[in-house]
Amino acid sequence: DEDDGGLSLGLPGLTLDRRDFMKAGVAAGAMGSVAGCSALSGGGGSSGSQSTPSGSGASHVVEPGEHDEYYGFWSGGHSGELRVIGIPSMRELTRIPVFNTDCASGYGYTDGTQELLEEGGGYSWGDNHHPNLSETDGDYDGEYLYVNDKANGRIARVNLTYFETDAITDVPNMQAIHGCCVLSPDTKYVLGNGEFRAPLPNDGRDVKNPDNYTSLFVAVDPESMETQWQVKVDGNLDIVDTGKEGRWAIASCYNSEEATDIQGMTRDDRDNVKAFDIPAIEQAVENGEYEEVNGIPVVDGTQSSSLNQGDRPIVKYVPTPKSPHCVEVGPNGDYAFIAGKLSPTVTMLDLNKLPEVSDPAEAVAGRPRVGLGPLHTTFDGNGHAYTSLFIDSQVAKWDIQAAVEADEGSEEPIIEKQDVHYNPGHIQALEAMTTDPDGEWLVSLNKLSKDRFLPVGPIMPDNDQLIHIGQGEESMELVADHPAYPEPHDCVFAHKDKIDAKKVYDKADYDQTYITEEDSGVERTGENSVHVKMTTKRSEFGLPDFTVQAGDEVKLSTTNIEGVQDIIHGVAIPEHDINYAVAPQDTREVTFTADDPGVYWIYCTYFCSALHLEMRSRMIVEPAEE
Ligand code: K7E
Ligand code: RUQ
Ligand code: CUA
């Protein structure tokens, strides 16, 4: 019963835990029983667990003046934005608008960002789930972050020098890009999974015949952000991750039934996982073995395709129980971990065996029983996997090697379970997607918070919980509750030393014209157009006023000539729907029509000095001469 999912499983769940922990104690010896103790005393989680827990001494408090150790990049779901959160403090450091508009920064209001959103499809929102950091040699290189838009089938890129969205690709032929990852180890592609089956092309043909719908897998070039090729498959595609060697992309499928309703989609006990052989696909594209749809080469990766008959099929279909959700590849690249969702198991696919076996089912290396509703798995780099259990509202920690040795469906590999509140989706440990995870902290992104926070009307925040995991030898410890506005799905953490954020703009990094104080002025560029240039600094605009004629198209260019970190000026124009931020040494432009005669006070929206309120200019719009 859905409605029961959080509360009842969170509280009476303790009895269940006790039983599980006893089992775990037997399986894992001393370590397990230590884990059991701590979870029994602290796992129920009261407000007391928000302070530093006694015992491990793990503190997530970052004192005033000190910095967090890690950047956390959170997807914002259907808010369209990303959020940057410091770890371990869990403080929100900033937000990065991506698919949404943002009136604080002016994203979507200034000329460049409006164009970016327009060329990226012209939608006012998106649904981002999976943030991915660019990699070099299997490690985060701090250059870019890539994220999907499930709603409109898009992939966006964020420049991590300036923490700004710099590209949005509206991928042809695809509606829902859900799974999204980069091809390890060197970000050769950004890969996306088409979750919803639809006619190809979706131009009105076959609308009533779901048998002719299809699901696509896409590769986008990380530099040009252009769509390179697509592969059409049987069933659908949910989540994707890649091996560490640049060959395999493993994607889950929960609708092998190719149904259009929930009864149909959940009918079969087995769905599948698809292993995309990237070099084999590239070869097919090179050989011209594709059909071009809307300018994109689409390779046939369905089971009956001739490209799947030889000894090097481009897609291997691995039967998997049951409506599986996430795929995550472990740090050393040996196994892909596929969470069973409607099956209480995680399937481990041996990526080293995969090329050798003719029946891909033989590449299944283990299938531990982890608990009810397994969705996502993460790693501490010390041989442990942690799987979120949506229905049980728990995180299960288990031993990877023990799971290979144990029988299928065995609970023996389970070391410990930690209650979370409530109903976790993704969980993520520090740098877990690199070849060398850091352990120490894990965040459980819980879909429901229910009673954990003061009620704020019927729509409650999610609850992102911080769990101390140490290096994996200690028991898990719930350390903090952190409310999240709808709706994070996933997050990724990079050590602060891997991100090199600039504090002021570097003119070399953008192509706008830099405006000096001497440049400030009004230039008539046409019968009905003017270009206004002005600087901003504490605490004045480069022009105390400027005059235009009603009906003029006004292009306003502003450069913030400050050279100091954190002195931002805002440019707000009342009754013209304009407000944007200009960072030190940056130039931003807006173009608008001054329709109505009158006086409009332009003012600075960022509090910049004691004379911030006086930082104003006047736009005088004269009645047009007839
Ligand atoms: Cu599980 Cu979109 Cu990664 Cu949500 S997905 S939880
Ligand atoms: S004013 S300091 Cu409206 Cu109180 Cu801003
Ligand atoms: Cu400039 Cu306030």
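The values are calculated or read from the model by the stated rules, or taken from the named source; none is laboratory data. Quantities reported herein were computed from a predicted structural model and do not represent experimental measurements. Here the Cβ positions follow ideal geometry from the backbone for every residue, glycine too, while neighbour counts run over all protein chains shown. Heads up: the accessible areas ignore ligands, DNA and RNA and are worked out on the full protein's heavy atoms, side chains in. Shrake-Rupley method; radii C 1.70, N 1.55, O 1.52, S 1.80 Å.
Working from Cα pairs under 8 Å separated by at least six residues, relative contact order for the chain is 12 percent. Contact order, relative form, for the stretch 512-622: 29 percent (alpha carbon pairs under 8 Å, 6 or more residues apart, mean separation divided by residue count).
In the stretch 512-622, a dipole from Cβ-located charges (positive for Lys and Arg, negative for Asp and Glu) runs towards its positive end, and of 594, 611, 522 it is 611 whose Cα lies farthest in that direction.
DSSP beta bridges fully contained in the chain are about 90 percent antiparallel.
Across the stretch 217-343, Cα-Cα pairs more than 22 Å apart make up 38 percent of the total. The base-10 log of I(q)/I(0) for the stretch 145-185, evaluated at q = 0.21, 0.23, 0.27 Å⁻¹, reads -0.67, -0.76, -0.92 [Debye formula, identical scatterers on Cα atoms, solvent excluded]. Dividing the convex hull volume of the alpha-carbon atoms in the stretch 512-622 by its residue count gives 85 Å³ per residue. May I ask you to give the percent of accessible area on the chain that is carbon plus sulfur, with a probe radius of 1.4 Å? That fraction is 48 percent. Computed over every Cα-Cα pair of the stretch 260-326 and binned at 10 Å starting from 0, the pair-distance distribution P(r) comes out as 19, 39, 29, 13, 0 percent. Shape descriptor for the stretch 110-159: Rg over Rh equals 1.05 (Cα atoms; Rh from the Kirkwood inverse mean 1/r). Inverting the pair-averaged 1/r between distinct Cα atoms of the chain gives 26.1 Å as its Kirkwood hydrodynamic radius.
If both residues of a DSSP beta bridge must be in the stretch 512-622, then about 70% of such bridges are antiparallel.
In the structure shown, the pairs 232/417; 188/274; 150/555; 188/208; 274/502; 496/533 are assessed against 31 Å; a Cα-Cα span above that value is assigned to 232/417; 150/555; 188/208; 274/502; 496/533. Each part gets one Cα centre, and for the stretch 586-626 versus the stretch 137-166 those centres are 34 Å apart. Dimensions of the stretch 52-155 along the principal axes, based on C-alpha atoms and rounded to the nearest Å, stand at 53, 35, 22, largest first.
Convex hull of alpha carbon positions in the stretch 572-626: directionally averaged projected area 4.5 nm². Sorted from greatest to least, the principal axis extents spanned by the alpha carbons of the stretch 444-548 come out as 69, 40, 27 Å. Across the options 281, 158, 364, the greatest Cα extent toward the positive end of the charge dipole of the chain (unit charges at beta carbon of Lys, Arg, Asp, Glu) belongs to 364. Accessible surface for the chain, divided over its residues, is 40 Å² per residue with a 1.4 Å probe.
Estimated purely from DSSP H runs of n ≥ 4, each contributing -39500 (n - 2.57), the mean residue ellipticity at 222 nm for the chain is -2500 deg cm²/dmol once divided by its residues. Other residues with beta-carbon under 14 Å from the beta-carbon of residue 602 carry, at +1 per Lys or Arg and -1 per Asp or Glu, a net charge of -1. Take every pair of alpha-carbon atoms less than 8 Å apart whose residues are at least six positions apart; their mean separation over the length of the stretch 579-626 yields a relative contact order of 38 percent.
In terms of Cα atoms, the Rg and Dmax of the stretch 298-436 work out to 15.5, 49 Å.
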